[in-house]
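K.L.:
Structure below; questions to follow.
Derivation of every value follows stated rules applied to the coordinates shown; laboratory data play no part. Being a predicted model, the structure only gives us computed values, none of them experimental. All Cβ positions, even for glycine, are placed from backbone atoms using ideal geometry, and neighbour counts span all protein chains on display.
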Amino acid sequence: MNDISIVQGNSAGTAILTIPQEERIAVFVRDCVEDAEFKKFVKEAHLPILIGQSETGEVIFVDLINVKHLLTAGSTGSGKSVFFNSVLTILLTMVSPTVLQVIMIDPKMVELQVFERYPHVQKVYTDMDEVEDVLSYLCEKMDERYGVLKEKNYKNIQQHNRNEPVKLPYIVLVIDELADLIMTNPENEDYIVRLAQKARAAGIHLIMQHSDQLKKWLLD
């Protein structure tokens with residue numbers, strides 16, 4: 001054993017020691033999906049995101065509307081693409097296309113094409129010359145929705161959908177290779193920052209991933 005991780009416990013005067021197991025245990029999506037707590041959570045959540053399992057075997061999940069946006073990063077071979085695809089698959093499987101619309105941007109042209117078959121997915125963009133128009137459209141859609149919320153005196157899309165007969169669908173923008181997208185056209189960064197800061201109350205959320213270059217880009 002090379003190291004032990006020690007973090008603060010859940011209550012005062014306690015600590016949690018994480019001891020590596022001798023053998024790695026696989027975590028299967030089916031086991032997580034069939035978990036009783038996750039099934040209960042899915043019935044109540046707006047945009048369920050399955051994270052995985054904790055060290056003690058508890059299934060970890062969040063509602064995207066509570067965490068606002070999701071960014072995954074890691075070095076090549078770390079498993080981020082498997083996790084990213086699992087997150088998207090569960091989200092598209094658990095939420096109706098009448099509730100959720102998805103727009104995908106895939107600079108590699110091969111990572112997200114598999115999701116085109118889902119009715120939620122409006123389009124998978126692979127031409128980077130189109131991306132700025134897509135981001136601009138989403139910013140316009142955000143402003144349009146804020147106008148609707150202001151007119152009706154609602155704070156967010158959840159209040160709107162609870163009280164109005166015509167519901168506004170959630171919109172999730174999925175971006176693969178985030179830093180590459182920004183380096184290709186620096187103006188894309190302004191749109192992404194604006195969406196990240198303001199779009200959540202309008203029901204627009206970002207799910208993004210990138211590899212080990214992201215750390216350098218964030219620091220710059």
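K.L.:
Say the dipole of the range 96-219 comes from +1 at the beta carbon of Lys and Arg and -1 at that of Asp and Glu; which of Val134, Gln209, Asn161 then lies farthest toward its positive end?
P.N.:
With unit charges placed on the Cβ atoms, the residue in question is Asn161.
K.L.:
While we're looking at this one, here's another question. Need one number: % antiparallel among DSSP beta bridges in the chain, to the nearest 5. The partial results should precede the final answer.
P.N.:
Values: 9 of 29 bridges.
Percentage antiparallel, nearest 5: 30.
K.L.:
Hey, another quick one. Over the chain, what is the relative contact order in whole percent, taking alpha-carbon pairs under 8 Å and six or more residues apart?
P.N.:
20
K.L.:
Next up: Rounded to whole Å and sorted largest first, what semi-axes of the equivalent ellipsoid does the C-alpha gyration tensor of the range 1-50 yield via the square root of 5 times each eigenvalue?
P.N.:
29, 19, 8
K.L.:
With +1 assigned to the C-beta of every Lys and Arg and -1 to the C-beta of every Asp and Glu, and no other charges, what is the dipole magnitude of the range 115-220 about the Cα centre in debye, to the nearest 20? Numbers along the way, then the final one.
P.N.:
On the way: 14 positive and 19 negative charges, 201 e Å.
Dipole magnitude for the range 115-220 comes out near 960 debye.
K.L.:
Can you compute the modelled spin-label distance between Thr56 and Ile6, with each label point 7 Å from Cα toward Cβ, in nm?
P.N.:
2.0
K.L.:
Restricting to the range 43-153, what percent of DSSP beta bridges are antiparallel, rounded to 5? Please list the in-between numbers first.
P.N.:
On the way: 5 of 9 bridges.
Antiparallel bridges make up about 55 percent of those DSSP assigns within the range 43-153.
K.L.:
Quick one: give the max-minus-min coordinate of the C-alpha atoms of the chain along each principal axis, largest first, in Å.
P.N.:
Computed over the chain, the largest-to-smallest principal extents equal 57, 42, 37 Å.
K.L.:
So if R0 is 25 Å, what FRET efficiency would Glu37 and Asn85 give, r being the distance between their Cβ atoms, rounded to the nearest 0.05? Write down the numbers at each step before the final one.
P.N.:
Values: r = 23 Å, r/R0 = 0.92.
Efficiency, from the Cβ-Cβ distance: 0.60.
K.L.:
If you don't mind, another one. Can you tally the net charge around Ala201? Count Lys and Arg as +1, Asp and Glu as -1, for every other residue whose Cβ sits under 9 Å from the Cβ of Ala201.
P.N.:
On the way: positive: Arg145, Lys155, Lys198, Arg200; negative: none.
Taking every other residue near Ala201 into account, the sum is +4.
K.L.:
Further, regarding this structure: Summing +1 for each Lys or Arg and -1 for each Asp or Glu, what net charge is found among the other residues whose Cβ lies under 12 Å from the Cβ of Gln158?
P.N.:
Numbers: positive: Lys155, Arg162, Lys167, Arg200; negative: Asp63, Glu164.
My count for the surroundings of Gln158 gives +2.
K.L.:
log₁₀ I(q)/I(0) of the range 8-120 at q = 0.09, 0.12 Å⁻¹, via Debye over equal Cα point scatterers, no solvent, to two decimals?
P.N.:
Debye output, listed in q order: -0.31, -0.54.
K.L.:
Here's another thing I want to ask about it. In Å, what Rg and Dmax follow from the Cα atoms of the range 96-219?
P.N.:
For the range 96-219, the Cα-based Rg and Dmax read 15.3, 47 Å.
K.L.:
Expected output is a single nm value to one decimal: the length gained when fully extending between Gln122 and Leu17, i.e. 0.36 nm times separation in residues minus the C-alpha distance. What is it? Mind dumping the intermediate values first?
P.N.:
Numbers: separation 105, 0.36 × 105 = 37.80 nm, distance 4.54 nm.
33.3 nm is the gain from fully extending Gln122 to Leu17.
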